[in-house]
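Report on the structure given below.
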Amino acid sequence: MNKIYGYWRCSTDAQDQERQIRSLKDAGCEQIVGDFITGTSNYGDRPEYQKMVALLKPSDVVWAEDLTRFGRSMVQMLVEINKLIEQKIHIKTTDGRLDTT
């Protein structure tokens, strides 16, 4: 049985993650994790994201608000999304721009 995860990310402590969390709950996410990561941080240093990825099994679903939650640049986003797709993980965004199910 597949599990539904949600991932939020904020760049600063001043940003409000609650809006993202609310939309992930509304999408039916069973487990929601997130990271605060600044623009100067190494984007690979997302401890909660990395923990979630380690738990993912084929057919699990990862929801995020939008594609920018997966990477700071188009290349990073595509690389990260491609890694998940290769593992047969489904990706959905609450903005409706991506649904690989």
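So for segment 2-12 (the condition being on the phi < 0 side of the Ramachandran plot and exposed (fewer than 11 other Cβ atoms within 10 Å of the Cβ)), does at least one residue qualify?
yes
Within segment 27-42, is even one residue out of contact with any Ser or Thr (no Cβ under 7 Å at 6 or more places or on another chain) and part of a helix (DSSP H, G or I)?
No, the conditions are met nowhere in segment 27-42.
Yes/no matrix, rows are residues, columns are (1) farther than 17 Å from W8 by Cβ; (2) more than 11 Å from the chain's Cα centre (by Cα); (3) open to solvent by 50 Å² or more (accessible area, probe 1.4 Å); (4) modelled with pLDDT under 95:
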position: D35; (1), (2), (3), (4): no, no, no, yes
position: L55; (1), (2), (3), (4): no, yes, yes, no
position: P58; (1), (2), (3), (4): yes, yes, yes, no
position: D66; (1), (2), (3), (4): no, no, no, yes
position: R72; (1), (2), (3), (4): no, yes, yes, yes
position: Q87; (1), (2), (3), (4): yes, yes, yes, no
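Checking T100 against (1) farther than 24 Å from S11 by Cβ; (2) out of contact with any helix residue (DSSP H, G or I) (no Cβ under 9 Å at 6 or more places or on another chain); (3) open to solvent by 20 Å² or more (accessible area, probe 1.4 Å), only one condition comes out false. Which one?
(2)
Based on this model, can you work out whether D26 counts as modelled with pLDDT of 95 or more and either open to solvent by 60 Å² or more (accessible area, probe 1.4 Å) or among the hydroxyl-bearing types (S, T, Y) (or both)?
yes
Among the listed residues K57, K51, identify the single one that is basic (K, R) and in a helix (DSSP H, G or I). Walk me through how you get there before you give the answer.
Numbers: K57 fails: in a helix (DSSP H, G or I).
That would be K51, the only listed residue that is basic (K, R) and in a helix (DSSP H, G or I).
Identify the single condition in (1) assigned to a loop (DSSP other than H, G, I, E, B); (2) under 12 Å from the mean Cα position of the chain (by Cα) that V62 does not satisfy, given that it satisfies every other one.
Status for V62: all satisfied but (1).
The values are calculated or read from the model by the stated rules, or taken from the named source; none is laboratory data. Here the structure is a predicted model, which is why all the values come from computation and not from measurement. Heads up, the Cβs are rebuilt from the backbone with ideal geometry, glycines too, and the neighbour counts pull from every protein chain shown. Heavy atoms of the whole protein, side chains included, go into the accessibility calculation; ligands, DNA and RNA do not. Shrake-Rupley method; radii C 1.70, N 1.55, O 1.52, S 1.80 Å.
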